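Down below is the structure, laid out as structure tokens.
The values are calculated or read from the model by the stated rules, or taken from the named source; none is laboratory data. A quick note: this is a predicted structure, and the numbers were derived from the prediction, not measured. Because the Cβ atoms are built from the backbone with ideal geometry, glycine has one as well, and the counts that use them run over all protein chains shown. We work out accessible area using only protein heavy atoms, side chains counted, and drop any ligands, DNA or RNA first. Shrake-Rupley method; radii C 1.70, N 1.55, O 1.52, S 1.80 Å.
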2 protein chains.
Amino acid sequence: MSQTSITGRLYSIRAMGKHLTFATLRCPDREYLCVFSERLKVRAESIVRVTGETRPSTGSRAFDDEIAVESYEVVAENRTIASTRLAGQPYSKAVLPDQHVYMRLPEVRARLLAKWSAVRRIRDVLTEQRFVEVQSPRIVGRMTDGPTMKFKLDYFGRDAYLSLSNLLFHTAFVAGDFTSVFEVSPLFRADVNHSSQHLSEFLILEATAAYRSREDMMRLSEDVVRAVCEDCGGGGLPAGHLDDIPVVTYEELRKIVSRADCAPVAPGTRIKRYHAEAVATHLDRTLFWVVDMPAKHKAFFSSTRHDPATGTDVANDFRLYWREIDIVDGGERVTSPERLRERLAEQDLDPAHFGYYLDVLAGGVPPLTGLGLGIERLLAKALGIGNIRQLVPFPRYVDHFEP
Amino acid sequence: MSQTSITGRLYSIRAMGKHLTFATLRCPDREYLCVFSERLKVRAESIVRVTGETRPSTGSRAFDDEIAVESYEVVAENRTIASTRLAGQPYSKAVLPDQHVYMRLPEVRARLLAKWSAVRRIRDVLTEQRFVEVQSPRIVGRMTDGPTMKFKLDYFGRDAYLSLSNLLFHTAFVAGDFTSVFEVSPLFRADVNHSSQHLSEFLILEATAAYRSREDMMRLSEDVVRAVCEDCGGGGLPAGHLDDIPVVTYEELRKIVSRADCAPVAPGTRIKRYHAEAVATHLDRTLFWVVDMPAKHKAFFSSTRHDPATGTDVANDFRLYWREIDIVDGGERVTSPERLRERLAEQDLDPAHFGYYLDVLAGGVPPLTGLGLGIERLLAKALGIGNIRQLVPFPRYVDHFEP
């Protein structure tokens, strides 16, 4: 036993008659069971400094230690009605104004720590595979991959935008002889989308490598997904679902869907969530790759080829689905400036906005492949969370940017 | 000896008569000396695939290997005039349009790798000291620490801003029981400043901790600076200048400057670069701390106290100078909502913009200290680079946001 003073936040105050109160003191590294010899009149979730004898906890709950409190002082009183008791409800708009209280909930704390740990693991996996983390700008000009969905910014009186993707800069890094680069960074999309899988500001892993094939980058993606799932304790996946992830082409996917109990994928149209879900069910797998998607759905910098079987252009791409949700999207890149001009024209983009990118290609770039992996989407699946906003302490989505 | 095919970028093509050319092939992991048995007609800095016998290099330069080229193929020709030969000039606007070429220069490559390595080291130091890396939003509302210098954003038809600081969110994380948090992230300032030490978008380490004193956070800052300097090979510092870094108060600094050959620091006014330089010279030290600065110069969330000696309010703060440049700025924080309202009033800020922050404090926060460390500024000093723009591949500053 030793006499000590400890400061922390006081939870679960249970008065046991007039002369006894139990409470939990949560400190940075441990939780204490505090025993007060009075009926305590302190508001729950205040910051309190207690002094007393500590001893190993003997109670039924797994506290680190027990403190027989001799004296105490309220360091900062909780003068709001906000408390984890009120926040302990299904995630809703109601709790959003009190994010700092919401994140005290053990399950919310656990999921945020899981995400932040996953970010560290992702950086480690890429670094171990000799990728270098670079820094692309968040503020960009017109060199972005689409005319819409951008947030516009007043940049000293001129129009600038928030970045939609680092991948164009990654090509420049490769051209600068940084041949394997990645970045874990926030990106921004201004599309009006109220789905549970969209944020205006989200965290993404993007990676680009020269001299690594489409297959290499698919393996890299799998390594990242595997590391993150291990890090959060398995990701709730059936045994084997992280190994030998099946690969289906877009045309094979269309055939699978045509035999399923849902609307078909019309030739050249996009894969909807229920299509992907039907494929996962048919394959009896959680994860599966789709490759060779219609060229017209892929960003202008994607390399494509003519497919004689369908008479259409398909991309040299890859997309990883976790059941109905796409987690990874990537593909080989156009390296010829002439071909890039054609792709820009196909997508009705103004080549004047992409002068720098055309210069980069004209200077000679090696064959290269890139990918993006949505970190909130992956974590939501690995942790079994339905709405990715729950993985962001201060989420930004349509109309929401405060606090 | 073994026959192999290798792809890379071809530099330093030296024709030695009609039937012999030497060139350097730079690959992801190594550099080869290529020996062609012809006068090579390939443009320098093209991507070339060579096939031939490799053998350990016997030449005077330290190549990894030598290749006796039997055949070769130009994979992607350099069709621009941009080359490292042209870029190999003092950093200037002239080379900015070709950042991808500029970063091929060995000294530029080395400094970018040093910066990216430092970012990893910084994250490791904080993680070892039990800080958790959190994620604050880049898009914010009016809850920012000043009315000016913000980039304004069109957020679905409403005004939002790019974040000036994560520190207000860090207080919310501490209130959420994440008691030691940090973030390495880009921040944004819209001030018109043409100095060599300013960027509109810069990388910063910000850290906030409950239950750690001002002295603890000063030691943490020193650990980070020491780790970064070690990582880049000493930072060119005289022996001992990273140990026992002297601490002077603002009033002591004023006295030191009053005896130096420069304009004095008038009571309560800001420390200018030449003042700091004079102090470094007087102390004969590269690094020194300044503490107890005038309260009115510090952000509204800074904790302050009355100083009877001068009859003014001073901050419980700390600032690390590397000669004339401030690298770290931090201090203890206001935790009482009443005191925060006073500080907001002192700085003419509208309390309505800080309603969430006042709520966070009203919920009870423990004593806490925060800091910010400018990563480009530190690296510029550690690497002996005059202009911090040289540490950013695609720098953003007044009027510059492309490519």
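Going through the stretch A:113-169 one residue at a time, which ones are open to solvent by 40 Å² or more (accessible area, probe 1.4 Å) and among the basic types (K, R)? Those that are open to solvent by 40 Å² or more (accessible area, probe 1.4 Å) and among the basic types (K, R): A:R120, A:R121, A:R130, A:R142, A:K152, A:R158.
Could you check, for the stretch A:228-235, whether at least one of its residues is over 29 Å from A:P308 (Cα atoms), touching a strand residue (DSSP E or B) at 6+ places or on another chain (Cβ under 7 Å) and modelled with pLDDT under 95? Among the residues of the stretch A:228-235, not one is over 29 Å from A:P308 (Cα atoms), touching a strand residue (DSSP E or B) at 6+ places or on another chain (Cβ under 7 Å) and modelled with pLDDT under 95, which makes the answer no.
Reported count of residues in the stretch A:199-216, each being in contact (Cβ under 8 Å) with a residue 24 or more places away in the chain and more than 13 Å from every other protein chain (Cβ to nearest Cβ), is 4.
Restrict the check to the stretch B:233-246 and report whether at least one residue is more than 20 Å from B:G372 (Cβ to Cβ), open to solvent by less than 60 Å² (accessible area, probe 1.4 Å) and more than 22 Å from the chain's Cα centre (by Cα). Yes, the stretch B:233-246 contains at least one residue that is more than 20 Å from B:G372 (Cβ to Cβ), open to solvent by less than 60 Å² (accessible area, probe 1.4 Å) and more than 22 Å from the chain's Cα centre (by Cα).
Taking the stretch A:100-109 as the search range and keeping residues that are part of a helix (DSSP H, G or I), within 12 Å of another protein chain (Cβ to nearest Cβ) and free of Cβ contacts under 8 Å to residues at least 60 places away in the same chain, which one is most open to solvent (accessible area, probe 1.4 Å)?
Step by step, filter the stretch A:100-109, then rank; the result is A:P106.
With A:V314, A:V334, A:V328 as the choices, which residue is crowded, with 22+ Cβ neighbours inside 10 Å and within 14 Å of another protein chain (Cβ to nearest Cβ)? Walk me through how you get there before you give the answer.
Details: A:V314 fails: within 14 Å of another protein chain (Cβ to nearest Cβ); A:V328 fails: within 14 Å of another protein chain (Cβ to nearest Cβ).
A:V334 is the lone residue from the list that is crowded, with 22+ Cβ neighbours inside 10 Å and within 14 Å of another protein chain (Cβ to nearest Cβ).
One residue is enough: does the stretch B:206-220 have a residue meeting the conditions β-branched (V, I, T) and either within 20 Å of B:G374 (Cα to Cα) or part of a loop (DSSP other than H, G, I, E, B) (or both)?
Within the stretch B:206-220, the first condition is being β-branched (V, I, T), and the residues that meet it are B:208.
Still in the running and either within 20 Å of B:G374 (Cα to Cα) or part of a loop (DSSP other than H, G, I, E, B) (or both): B:208.
Checked against the condition, which is being β-branched (V, I, T) and either within 20 Å of B:G374 (Cα to Cα) or part of a loop (DSSP other than H, G, I, E, B) (or both), the stretch B:206-220 yields at least one hit.
When the stretch B:181-217 is limited to residues that are more than 16 Å from the chain's Cα centre (by Cα) and crowded, with 21+ Cβ neighbours inside 10 Å, the one that is modelled with the lowest pLDDT turns out to be B:R212.
Picking from residues in the stretch B:344-355 that are in contact with a Lys or Arg (Cβ under 9 Å, 6 or more places away or on another chain) and within 23 Å of B:Y161 (Cα to Cα), the one that is farthest from the other protein chains (Cβ to nearest Cβ) is B:Q347. Has the stretch B:26-44 got at least one residue that is under 22 Å from A:S213 (Cα atoms) and touching a Cys at 6+ places or on another chain (Cβ under 6 Å)? No, that holds for no residue.
Of the residues examined, B:L349 is one that is more than 26 Å from B:E251 (Cβ to Cβ), surrounded by fewer than 22 Cβ atoms within 10 Å (Cβ to Cβ) and modelled with pLDDT under 95.
The residues on offer are B:L391, B:L379, B:L358, B:L371, and the sole one that is in contact with a Leu (Cβ under 9 Å, 6 or more places away or on another chain), open to solvent by 10 Å² or more (accessible area, probe 1.4 Å), among the hydrophobic types (A, V, I, L, M, F, W, C) and more than 7 Å from every other protein chain (Cβ to nearest Cβ) is B:L358. For B:A263, the stated conditions do not hold, so it cannot be described as within 18 Å of B:R121 (Cβ to Cβ), of a type outside the set (D, E) and touching a helix residue (DSSP H, G or I) at 6+ places or on another chain (Cβ under 8 Å). Restricting attention to the stretch B:59-96 and to residues that are open to solvent by 70 Å² or more (accessible area, probe 1.4 Å) and part of a helix (DSSP H, G or I), the residue that is modelled with the lowest pLDDT turns out to be B:A94. Within the stretch B:256-283, the residues that satisfy the criterion of being over 30 Å from B:F354 (Cα atoms), assigned to a loop (DSSP other than H, G, I, E, B) and either of a type in the set (G, A, S) or open to solvent by less than 50 Å² (accessible area, probe 1.4 Å) (or both) are B:A260, B:C262, B:A263, B:V265, B:A266.
For the stretch B:152-189, enumerate the residues that are among the small types (G, A, S) and either at the interface with chain A (Cβ under 7 Å from one of its Cβ atoms) or not in a loop (DSSP other than H, G, I, E, B) (or both). Hits for the stretch B:152-189 are B:A160, B:A172, B:A175, B:G176, B:S180, B:S185.
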